[in-house]
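Please treat every number below as a calculation from the coordinates, not as lab data. Fair warning: this is a prediction, and the values are worked out from it, not measured in the lab. Using ideal geometry, Cβ is built from the backbone for each residue, glycine included, and neighbour counts are taken over all protein chains shown.
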Amino acid sequence: MKAAATKAEVSKMVSSEKMQQRERVSELEIRPGGMLVQMRDFDQSLSIPTIKVKVKYGSSYHHIQISSHSSFGELKKLLAEPTGFHPEEQKLIYKKKERDSKAYLDVARVKDGSKIVLVEDTLSRERRCIQMLKNANFEKSSKLLKQVNFEVNKLFQEVICIEVRACNEGRVSEKEVENLTEMLMRKLIELDEIDAVGDLRLQRREQVREVQKKIETLDMMKLQYIEGNSNGVISTKKGKQSLEPKQKQRQKGVRILKEEALRNSESVVVTTKWETFD
């Protein structure tokens, strides 16, 4: 019995020791540079020491109070307001070495009263300004494209209504078709004036194709139906002759579009010769 009890006690002690080892390992963390240290308990914020560092920029000094366990990136955030520089536009030099934003102050041996030099990162500033400009242009183009698409969809509904009426009544109003065609042509020009890049460029290209298809649909209806004709149908030859001058006008309108022609586009049977563009 004693031997059995002894084995059970030994097993329990070994199990307890393994659990303690796991707990100790789980309390460790790898710091920058590969150093293995005890994990910091951020809940015990009162026990974390606070230091005051002196940051020099040009001829001025900024005294910043910060936790010694903070990173250089957090220090940059505190310097953003007094210096006017975004954290991404700052370089912090400590002991003649630029410090990474992810590096910790205490690991770099920054102490209370330590001096840090702030230098403006002009390249990062330029890159950030360019990116902000790109984002603003993208947002503006996106809004314009959505607005034009909304207006184009309303015109598409009118085209559908004319198609239905043509099928039911066997004729269409020539003036109505011409006005609708003219409005769709204007939308093509508006689409061309949008400075679209990336996904917006693809969306614009698809919308241009849809508008062109609707204009071609209207042209086909003019070839088949015209108001005032005795039987509601005119000959294809006569229809083509009557449309020829207006086709030239539309082609001239499309030529003012500034985008280069799309290559390898799908061929479709049309009555109007289009110049395709992005």
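Points worth noting:
- Modelled spin labels at Q65 and K140, positioned 7 Å past Cα toward Cβ, are 4.5 nm from each other.
- Members of K140/K222; K91/K146; K143/K214 lying beyond 31 Å, as alpha-carbon distances in this model show: K140/K222; K91/K146
- Here the range 128-227 is treated as an ellipsoid with the same Cα gyration tensor; its semi-axes, largest first and in whole Å, are 35, 10, 10.
- From phi via Karplus (6.51, -1.76, 1.60), per-residue ³J(HN,Hα) for the range 200-213 in Hz, x at Gly/Pro: 5, 5, 5, 4, 5, 4, 5, 5, 4, 4, 5, 5, 4, 4
- DSSP beta bridges confined to the range 50-120 are antiparallel in about 85 percent of cases.
- Burial ordering of H63, H86, fewest other beta-carbon atoms within 10 Å first: H63, H86
- Residue order for F138, F150, fewest other beta carbons within 10 angstrom first, comes to F150, F138.
- This model, with +1 at the C-beta of Lys and Arg and -1 at the C-beta of Asp and Glu, gives the range 50-120 a dipole about its Cα centre of some 400 debye.
- Under a model in which nothing but the beta-carbon of Lys, Arg (+1) and Asp, Glu (-1) is charged, the range 103-217 shows a dipole of about 540 debye around its Cα centre.
- Nonlocal amide H pairs with A103, under 5 Å, H built at 1.01 Å: F72, G73
- Backbone HN-Hα couplings from phi across the range 173-184 [Karplus 6.51/-1.76/1.60, Hz, Gly and Pro as x]: 7, 4, 5, 5, 5, 5, 5, 5, 5, 5, 5, 5
- 3J(HN,Hα) couplings calculated from phi for the range 159-164 with the Karplus curve 6.51 cos²θ - 1.76 cosθ + 1.60 (θ = phi - 60°) are, in sequence order, 4, 4, 4, 5, 4, 5 Hz; Gly and Pro show x.
- Sorted by Cβ neighbour density within 10 Å, fewest at the top, the residues E151, E139, E89: E139, E151, E89
- Beyond 18 Å, the tail of the calculated P(r) for the range 85-180 holds 70 percent of the Cα pairs.
- Remark on the range 50-120: ratio of C-alpha radius of gyration to 2.2 N^0.38 Å is 0.95.
- For the listed residue pairs K77/K115; K52/K96; K102/K134; K76/K111, the alpha carbons are over 22 angstrom apart in K102/K134.
- For Q90, nonlocal amide neighbours, meaning residues 5 or more places apart or on other chains whose placed amide H falls under 5 Å from its own, are D121.
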